[in-house]
Amino acid sequence: MIAYVRGEVVEVFENRVLLDVNQIGYQIFISSRDASDMPPTGERVRIHTYFHVKEDAMQLYGFLTRDDLNIFKLLLGVNGIGPKAGLGILSALSADELRFAVLSDDVKSISKAPGVGRKTAQKMILELRDKLSLEDASPGRSGYTGDGNTGTSGMSDGKNEAIQALVALGYSSSDALKAVKQAEITEDMNTEDILKAALKKLTFL
């Protein structure tokens, strides 16, 4: 219903922001990550929003990037995860970190989010794995400036095997995924070639 809100920042709290839009104040619930990235009071900002309606309230949830909004919507599709839990997850993990964790079956990282136990994390991985793609990630930064359209394309067997090899060598699943994403990989490269290329990238992570 409301795709985004553009207005002047009035006040920023840990989990919400107040925006002045043509002399009307909007309270928008946000993640702690977006709260820390919010521009100073008096400056204008555009926030991508999700309008949540329930029996006793109508609330706006907002994100500085469309990618975060899209991930938030996917999280709401997981049984047992509501808007507040979704914000909590995106406060603990960036959109890309969540992608990496889901695609590498990293239950431990997802479980760090407030209110998310091991079983919920496993359910998230099961339900989101086919809806997320490594190719949509934006390595090297916590945010994302593109359109953030999620895809369903998966990784090749060679990439998967290279990631598993890196994890076996002691690297975290997130670092392994980032390294493979950043590596220059051609169609004729086998698993060993991909592994070598990814190892070169790991020196810069």
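Result for the chain in a Gaussian network model with C-alpha springs under 10 Å: among N15, N70, N79, the largest mean-square fluctuation is at N79. Summary of packing: across the peptides 4-11, 84-91, the per-residue average of other C-beta atoms within 10 Å ranks them, highest first, as 84-91, 4-11.
Rg then Dmax, both in Å and based on the Cα atoms of the range 1-120: 14.6, 47. The separation of the range 23-52 from the range 1-22, counted between C-alpha centres, amounts to 4 Å.
Residue exposure proxy: F13, F63, F72, ordered by other Cβ atoms within 10 angstrom of their Cβ from fewest to most, comes out as F13, F72, F63. Helix content alone sets the calculated 222 nm mean residue ellipticity of the chain: runs of n ≥ 4 DSSP H residues at -39500 (n - 2.57) each, divided across all residues, give -12000 deg cm²/dmol. Length gained on full extension, K196 to D37, computed as 0.36 nm times the residue gap minus the Cα-Cα distance: 53.7 nm. When E187, E192, E161 are arranged by Cβ crowding within 10 Å, least crowded first, meaning fewest neighbours, the order is E187, E192, E161. Looking at the range 159-201, the pairs of alpha carbons with a distance over 12 Å make up 48% of the total.
Listed values (1) 21.7; (2) 17.4; (3) 12.5 include one computed from this model; for mean projected area of the Cα convex hull in nm² that value carries the label (3). Computed over neighbours whose Cβ is under 11 Å from that of G86, the net charge equals +1, Lys and Arg +1, Asp and Glu -1.
Values quoted throughout were computed directly from the atomic coordinates according to the rules given, and no laboratory measurement underlies them. Remember, predicted model here, so these are calculated numbers, not experimental data. Cβ: placed from backbone, ideal geometry, glycine included. Neighbour counts: every protein chain shown.
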